[in-house]
Amino acid sequence: MNSQFGLANVWSQGDIVTKSVALLLLIMSLASWMVIIIKTLDLIKYKNMARTAEDFWHSEDFATGLAKLGTDPASPFRQLALEGREATLHHLNSKAQLHDALDMSDWVTRTLRNTLDEFTAKLQSGLAILASVGSTAPFVGLFGTVWGIYHALLSIGAAGQATIDQVAGPVGESLIMTALGLAVAIPAVLGYNALVRGNKGILQKLNRFAHDLHAYFVTGARVNTSGSANVVPMKKA
């Protein structure tokens, strides 16, 4: 059933500014939902990869452990293992280069840290969109509301006499823009908080894995997390 009020009427009766605000809110909503969906799928993928990290340390040698990490080149755990191995071999085999001033521990630490920093930047990409949408969408909606009320009051003033039914319709339609702004902002804020929390969990697991890799490449064994000074050996490839 058709209604003289609602979103359809706001669109049909609105001017170019009102329609532009509505389109901007729609674009912001689509952008935030795309980021939320894509980053959520990435988090699920990385959590599945993290489950294979412990299997790496239950391997007979490095090559077998690397195979257990999978073949996906996007796996941050596999990238850390490969970069650590390459850094170790490069430091052992290269001579008369600037990095010779660093000992093995510092050189491996630097390489693993660079890999972690690159993955952290990749993991956090897109979150700025959610933060921007969450902070600006309510004000964009409020601008649409103020603009709509302004024109509603002009129309009422031109009519000469205003009754409650004449005021309620235009003002109510204008307030819809505020509701739209909140409807866009709330999912963006909640999605941002959830993704930040998920990213923090993945980075914690990566940092622990990188710490164990550092011990392995420098000492030939992984540090035992049971609290003793023992290490868990694994043959190098």
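No value in this document is a laboratory result; all are computed from the given coordinates. Fair warning: this is a prediction, and the values are worked out from it, not measured in the lab. Neighbour counts run over all protein chains shown; Cβ positions are idealised from the backbone, glycine included.
General remarks:
- Residue-count net charge about ILE36 - beta-carbon cut-off 14 Å; Lys, Arg +1, Asp, Glu -1: +1
- Residues ILE16, ILE202, sorted so that the one with the fewest Cβ neighbours within 10 Å comes first: ILE16, ILE202
- Other residues whose C-beta falls under 13 angstrom from the C-beta of GLU83 contribute a net charge of +1, scoring Lys and Arg +1 and Asp and Glu -1.
- Given their separation in residues at 0.36 nm each and the Cα-Cα distance between them, ASP61 and ASP117 gain 17.4 nm when the chain is fully extended.
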